[in-house]
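Peer 1: Handing you a structure now.
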Amino acid sequence: MTVAVITDGVETVEGTVIDGRVLVAAGELETATGWRLEPEGLCRGDVCVLVPDGAAVRVDDRVDLGALAEVLGRRHVVDAEAGVIAWSLDGEARRQALDDLTAPSFTLPDLDGRLRSLEEWRGRRRMLFAFSSW
């Protein structure tokens, strides 16, 4: 099945959702998240994060994206029915956004389906209403 992975952007890759866990092939990991598994740990560019228990993030030949989010200190949520996993910003970025009282950049469709970016309204007051059925 195709799964949507929301991290710093949105990517769709082939994956599986089993028991609320999103699993992707190791070869899809970098496309899905920007990170890759190396012998020294989880790497992105020249930054690597130690993965203390590599077996904890693997299920057979696949990688558990929720377990990797935890290794990176990012919260995550999975919608198994829709095949979606979303990672939060890292802890420092979340703390900085709260201190600055600034929302991260994002783009969403309005009620007419037109894509709207938060930056369109920079400096003008707007109310953002979010709703979830779950």
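Since every read-out is calculated from the coordinates, none of them should be taken as a lab result. Treat the numbers as computed from the prediction; the structure is a model and nothing was measured. Cβ coordinates were reconstructed from backbone atoms using ideal geometry, including for glycine residues, and neighbour counts include every protein chain displayed.
Peer 1: Please rank 121, 35, fewest neighbouring Cβ atoms within 10 Å first, as an exposure proxy.
Peer 2: 121, 35
Peer 1: Highest mean first, how do 124-130, 21-27 rank when packing is the count of other Cβ atoms within 10 Å averaged over residues?
Peer 2: 21-27, 124-130
Peer 1: Continuing with the same structure: Give me 8, 53, 112 sorted ascending by neighbouring Cβ count inside 10 Å, so fewest comes first.
Peer 2: 112, 53, 8
Peer 1: Okay, next question. For the chain, find the longest principal axis of its Cα atoms and tell me its angle to the long axis of helix 91-100, 0 to 90°, nearest 10.
Peer 2: Around 10 degrees separate the two axes.
Peer 1: Could you give the dipole magnitude of the chain about its Cα centre, charging the beta-carbon of Lys and Arg +1 and that of Asp and Glu -1, in debye to the nearest 20?
Peer 2: That gives the chain a dipole magnitude of about 680 debye.
Peer 1: Turning to a different aspect of this structure: Between 40, 30, 120, which gets the highest mean-square fluctuation from a Gaussian network model of the chain, Cα cutoff 10 Å?
Peer 2: Fluctuation is largest for 120.
Peer 1: Still on this structure, I have one more. Over the chain, calculate the relative contact order: mean separation of alpha carbon pairs under 8 Å at least 6 apart, over the residue count, as a percent.
Peer 2: Normalised by residue count, the contact order of the chain is 19 percent.
Peer 1: Under the rule of -39500 (n - 2.57) per DSSP H run of 4 or more residues, summed and divided by the residues of the chain, what mean residue ellipticity at 222 nm is obtained, to the nearest 500 deg cm²/dmol?
Peer 2: Helix contribution divided over all residues of the chain: -4000 deg cm²/dmol.
Peer 1: Further, regarding this structure: Check residue 84: other-chain or 5+ apart residues with amide H under 5 Å from its amide H, H built from backbone geometry?
Peer 2: Amide H neighbours of residue 84: 4, 79.
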